[in-house]
Amino acid sequence: MLWSGSSESPYFLLLRNACHGSWGLPKGHVHPDEDLQAAALREVAEETNIALTTDDLREDFADTHLYQPKPETWKRVVNFLAAAPVDPKNFVRSDEHNQHAWLNLEAAIAQCQHDALRRTLRRAAATLPHNPS
């Protein structure tokens, strides 16, 4: 999961899947030779053209959920959190997606159809350091 802006007012990247039209985070399948973090970095690069390293991933955040897309199939999703190291307006979206948006927390939560994704966004925002006013 990528975020930009300040920790007091973060914006999260959502991508709209071109096939089924749902909004979500950069994600994908783990290749046999990859660990979870390597897969996350590769998927972000493939879907946004943003190159991250493991040092860019927050050490204090890895949100996991399970879901069952078919009666005989379970999938595990692990979301990591990283600040977008470039101007978020200048990245290249993959052909897997037909729209993208950098949204504040409330708008991102409203855009997502799945409770698990809304929970992940809330947890990510809570993880970001907030400076006292």
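For the chain, the 222 nm mean residue ellipticity estimated from helices alone, with every DSSP H stretch of n ≥ 4 adding -39500 (n - 2.57) and the total spread over all residues, rounds to -7500 deg cm²/dmol. Neighbour counting of Cβ atoms within 10 Å sorts the residues Thr54, Thr48, fewest neighbours leading, into Thr54, Thr48.
By its C-alpha gyration tensor, with a ≥ b ≥ c as the square roots of the eigenvalues, how is the chain shaped: rounded for a/c under 1.5, else prolate for a/b larger than b/c, else oblate? Because its axes are fairly even, with a/c under 1.5, the chain counts as rounded.
Stretched out straight at 0.36 nm per residue, the stretch from Tyr67 to Gln99 would grow longer than its current Cα-Cα span by 9.1 nm.
Rank these for me by crowding, Lys27, Lys70, Lys75, going from fewest to most other beta carbons within 10 Å.
Lys70, Lys75, Lys27
Seen through its C-alpha gyration tensor, with square-root eigenvalues sorted a ≥ b ≥ c, the range 1-64 comes out oblate because a/c lies at 1.5 or above while a/b is not bigger than b/c. Hey, with R₀ at 41 Å, roughly what FRET efficiency would Thr53 and Gln113 work out to, going by the Cβ-Cβ distance, to 0.05? That gives a FRET efficiency of 0.85. Put in order of Cβ neighbour count within 10 Å, fewest first, the listed residues Trp102, Trp3, Trp74 become Trp74, Trp102, Trp3.
No value in this document is a laboratory result; all are computed from the given coordinates. None of these values were measured; they are calculated from a predicted model. Please note: Cβ atoms are built from the backbone with ideal geometry, for glycine as well, and neighbour counts cover all protein chains shown.
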